[in-house]
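The values are calculated or read from the model by the stated rules, or taken from the named source; none is laboratory data. The structure presented is a predicted model; accordingly, all values stated were derived computationally and were not measured. With ideal geometry, Cβ positions are generated from the backbone for all residues, glycine too; neighbour counts draw on all protein chains shown.
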Amino acid sequence: MVTSVLTRPTLVLNRNWQPVGVATVARSLTLVANGRARIIDPDSYQLHSWSDWAKFVPAENDLFIQGVSFRRRVPEVIALTEYG
């Protein structure tokens with residue numbers, strides 16, 4: 001069975017980096033695009049906005065979202081900016 005990348009789970013952390021739930025990739029990207037969350041790079045643990053994240057090119061084995069003229073890595077973990 002093939003599932004959409006947008007329905008895969010993303011770990012959601014509060015602003016103190018404590019786990020508060022799981023959201024779909026689609027919901028996570030909406031939170032990031034609205035400035036309510038930042039993407040955490042699983043390799044460096046750095047926080048990234050959507051524009052920062054767009055600069056990363058997906059590696060060969062990374063899950064990605066394909067747009068008309070771009071590919072973006074799928075976030076594995078996001079951190080909320082306001083929820084404590």
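Across region 64-84, what is the total count of residues that are surrounded by 13 or more Cβ atoms within 10 Å (Cβ to Cβ) and either in a loop (DSSP other than H, G, I, E, B) or in contact (Cβ under 8 Å) with a residue 24 or more places away in the chain (or both)?
The qualifying residues number 11.
Would you pick out the residues in region 2-21 that are under 20 Å from R72 (Cβ atoms), of a type in the set (V, I, T) and at pLDDT 95 or above?
Those that are under 20 Å from R72 (Cβ atoms), of a type in the set (V, I, T) and at pLDDT 95 or above: T7, T10, V12.
Find all pairs meeting these conditions: Cβ atoms under 8 angstrom apart; at least six residues apart or on different chains; first residue within region 7-28 and on the phi > 0 side of the Ramachandran plot; second residue of a type in the set (A, V, I, L, M) and surrounded by 17 or more Cβ atoms within 10 Å (Cβ to Cβ).
Matching pairs, first to second residue: W17/A79; G21/V12.
Return yes when V57 is surrounded by fewer than 17 Cβ atoms within 10 Å (Cβ to Cβ), assigned to a strand (DSSP E or B) and either more than 9 Å from the chain's Cα centre (by Cα) or among the basic types (K, R) (or both) and no when it is not.
no
Could you tell me whether any residue of region 17-24 is touching a helix residue (DSSP H, G or I) at 6+ places or on another chain (Cβ under 9 Å) and of a type outside the set (F, W, Y)?
yes
Out of the residues in region 22-43 meeting the condition of being small (G, A, S) and either at pLDDT below 95 or assigned to a helix (DSSP H, G or I) (or both), tell me which one is surrounded by the fewest Cβ atoms within 10 Å (Cβ to Cβ).
Among those that are small (G, A, S) and either at pLDDT below 95 or assigned to a helix (DSSP H, G or I) (or both), it is A33.
Step by step: first the residues of region 42-84, then only those that are in contact with a strand residue (DSSP E or B) (Cβ under 8 Å, 6 or more places away or on another chain) and of a type in the set (S, T, Y), then the one that is nearest to T30 (Cα to Cα). Which residue is that?
So, considering only residues that are in contact with a strand residue (DSSP E or B) (Cβ under 8 Å, 6 or more places away or on another chain) and of a type in the set (S, T, Y), the one nearest to T30 (Cα to Cα) is S49.
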